[in-house]
Amino acid sequence: MKKLICVAAAFAMVAGVATVASAEVDLSGSARARIRYNDAGVGDSVYKWDSRVRVKVHAKTEGGGYVKARVRFLDGDWGTGGDYSASAKGDYNVWSDYAFVGFKTGKFDIAGGKMPASFSPWFSDDERTDRFRVLYKDKDAGLALAFTYDMKIYEYASTSSSVTIPGLDPNGNAVDLVAQVAGTPWEGDKAVWGVTYRQKFSDAVSANVRAVYVVNDATPADDDGFQGSVNVAMNFAGNNIILEQSYKEGDIFRRQDDLYGGYAEWNATYGSITPVARIGYTADGFTADQTFGWLMIGGDVPTSNISRVGMGGDTLFAGLSSGFQTTEALSFKANLVYMDIDDNGTAVYGENPIEVSGQAKYQVGKGVALLARAGWLSSDRDAVDDAFSAYGQMEVTF
């Protein structure tokens, strides 16, 4: 309770200072509570309750400066003790996942701090990074060009090795014993230099390109390398087409082969029906971002062991989805997904998993929604049963 009072007081102080300094401060956010049931096909089925509240702060000054941050309250699973002490933030649960400062002058936007970092749901999405960014925008030309520098410091990285030494077992017999020998600690950092190019060529065609070079001094191995993605969106007579191709150099992940993946999507709207079709592939260890997917496979809340498209081996996939807006308040969505996995031994659901899933959403009122989802994932592996999951959610946005 004391923490909430302190945060409320902080917001009040921000609002008071903003009034004096003739600045504008906007607050927005969302909150949810939900129950999740998951039978993963291996082990016992589980269910969890969780909830969270998130508040976004956006302050702007007359001189072009701005501050953006998001504060999270009690974001975690119920029943874990204390203030959700089993969450990622230990025994305190009022924290911020991003906060950065910047200013705009002319066509330039310069910012630095802990920032959201996303390019596309396929390549990278909903991430956070310590970043310095210079963004140039020319609205008349439909151009946006950003230069970024991300950094992570590793303070106590080290390697270890095993050695074999002669010894005796409890019965006095001679045996070889294996001992772990700690390596020499070192300090290093991982820097990611990147550029993002976005161009709107016309109302029908736009392109986005993200290219980064990773310099990893936090390990003694040669982990430097390039990765990037090209995304093209087209709109013709109400038909929306998205094409994306991605590449990651194998050295970054200590792999012999470079990593590739891509997909194509078509979607359109016919009255109250919104069909979506996707086909794509991953090769040589490439995995899509977790946001890309459906319900059981990937998606914003993946509910099976295939949390990312591409896990388990080289993958070909095809997915069909359709949304149905039955009334102004009630909508439904259905998914049918097929995957062909070149099983490398880690594909839990075998070589040909199939997902069938759906969603119902009811808009109780402005900013208030109820959501229910359920999904089934087949398995052609004898040691694993089919998976099933479901969850219900209450959400408020403001």
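The values are calculated or read from the model by the stated rules, or taken from the named source; none is laboratory data. The structure presented is a predicted model; accordingly, all values stated were derived computationally and were not measured. Neighbour counts run over all protein chains shown; Cβ positions are idealised from the backbone, glycine included. For accessibility, only protein heavy atoms count, side chains too; no ligands or nucleic acids. Shrake-Rupley method; radii C 1.70, N 1.55, O 1.52, S 1.80 Å.
What to note about this one:
- Point-to-point label distance, Thr61-Asp385, nm (Cα→Cβ direction, 7 Å offset): 6.1 nm
- Accessible surface ranking that places the most exposed of Ser51, Ser96 first, with a 1.4 angstrom probe: Ser96, Ser51
- Approximating the spin labels as points 7 Å out from Cα along Cα→Cβ, the Ile273-to-Tyr260 distance works out to 3.6 nm.
- Counting only residues at least eight positions apart within a chain, or on another chain, the lysines with an alpha carbon under 23 Å from that of Lys48 are Lys89, Lys361.
- When the alpha carbon coordinates of the range 263-364 are projected onto the principal axes, the ranges are 46, 24, 20 Å, largest first.
- The alpha-carbon of Lys248 sits under 18 angstrom from the alpha-carbons of these lysines, leaving out residues fewer than 8 places away in its chain: Lys190.
- Rg(Cα)/(2.2 N^0.38 Å) for the range 237-290, N = residue count: 1.54
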